[in-house]
Amino acid sequence: MYIKIYFNDKPLFLTDTITPELEPYKHHDDAVFMDELSSPAINSMIHEMKTEKVHAGIFLHANLDALKNAFFKKFIVIQTGGGLIENDNDEYLLIFRRGKWDLPKGKLDDGETIEECALREINEETKLINLSIKNHLINTYHTYDENGKHILKENYWFKVHAAGEQHPEPQLEEDITEVKWVSAVEMTPYTKNTMLSIMDVLRAGGLIETA
């Protein structure tokens, strides 16, 4: 089992075992491997992941929860909720935001559950109504720096159904300029211009093949 954290488009795997999927990364010249759980080691890994020469990382520890907790303490963690939305015609909603195809999501507000957050953000960003959560798909993680602080976004993604005929509208003030229903067989062109974390969500939803 592992947790994948993106530093821009570079994955860092926090893991308790080297799976066949991770084995190739361990031997790449442009990947960094660590198996010592300490504050200096975590700081070093964060630094290495931000260098140009490194394109992936593996941090191995037998207790994944302990590794996750220690790693996350280095960041301000922001939780968001979002959805892969399917309509009655087996089409999926994509939004175009800041030059990339994306999925609706947003920051968790005080006093709401992550499920309530996901439905609220979908409604605000697309004007869709009659929404219901079907199941949790995946959590994705990505980091960035803001005002000298390390930020880690923990994004909860849900499979969501939008009932009835609906005509979504983009929330322009959130830099969303287009919303589009796309069938699974039409998905490939859009995946060529999206984030790797969104690819992970589409993969979890069964819309693209497992890497």
**Whichever residue in the range 176-193 is over 11 Å from Leu93 (Cα atoms) and among the hydrophobic types (A, V, I, L, M, F, W, C) and, among such residues, is modelled with the lowest pLDDT** = Val185
**Request:** Would you check if Glu173 is over 30 Å from Met45 (Cβ atoms), at pLDDT 95 or above and surrounded by fewer than 20 Cβ atoms within 10 Å (Cβ to Cβ)?
**Result:** no
**Asked** Among the residues of the range 53-63, is there at least one that is outside any strand (DSSP E or B), surrounded by fewer than 18 Cβ atoms within 10 Å (Cβ to Cβ) and among the aliphatic types (A, V, I, L, M)?
**Response** yes
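Taking the criterion of being among the basic types (Lys, Arg) and under 13 Å from the mean Cα position of the chain (by Cα), would at least one residue in the range 133-151 satisfy it?
Within the range 133-151, the first condition is being among the basic types (Lys, Arg), and the residues that meet it are 134, 149.
Filter once more, so that each one left must be under 13 Å from the mean Cα position of the chain (by Cα): none.
Checking the range 133-151: not a single residue is among the basic types (Lys, Arg) and under 13 Å from the mean Cα position of the chain (by Cα).
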**Request:** Could you figure out which of (1) surrounded by 12 or more Cβ atoms within 10 Å (Cβ to Cβ); (2) in contact (Cβ under 8 Å) with a residue 40 or more places away in the chain; (3) charged (D, E, K, R) isn't true of Lys26?
**Result:** (2)
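Residues in the range 106-122: is at least one touching a helix residue (DSSP H, G or I) at 6+ places or on another chain (Cβ under 9 Å) and buried (at least 21 other Cβ atoms within 10 Å of the Cβ)?
no
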**Message:** I'm trying to understand the selection: among the residues of the range 97-113, which are more than 17 Å from Glu173 (Cβ to Cβ) and in contact with a Ser or Thr (Cβ under 8 Å, 6 or more places away or on another chain)?
**Reply:** Lys100, Trp101, Leu108
**Request:** Please enumerate the residues belonging to the range 128-142 that are outside any strand (DSSP E or B) and out of contact with any Leu (no Cβ under 8 Å at 6 or more places or on another chain).
**Result:** Ile129, Asn130
**Asked** If Ala162 passes every condition in (1) touching a residue at least 60 places away in the same chain (Cβ under 8 Å); (2) in contact with a helix residue (DSSP H, G or I) (Cβ under 7 Å, 6 or more places away or on another chain); (3) crowded, with 21+ Cβ neighbours inside 10 Å but one, which one does it miss?
**Response** (2)
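The values are calculated or read from the model by the stated rules, or taken from the named source; none is laboratory data. A quick note: this is a predicted structure, and the numbers were derived from the prediction, not measured. Backbone-built Cβ (ideal geometry, glycine too); neighbour counts: all protein chains shown.
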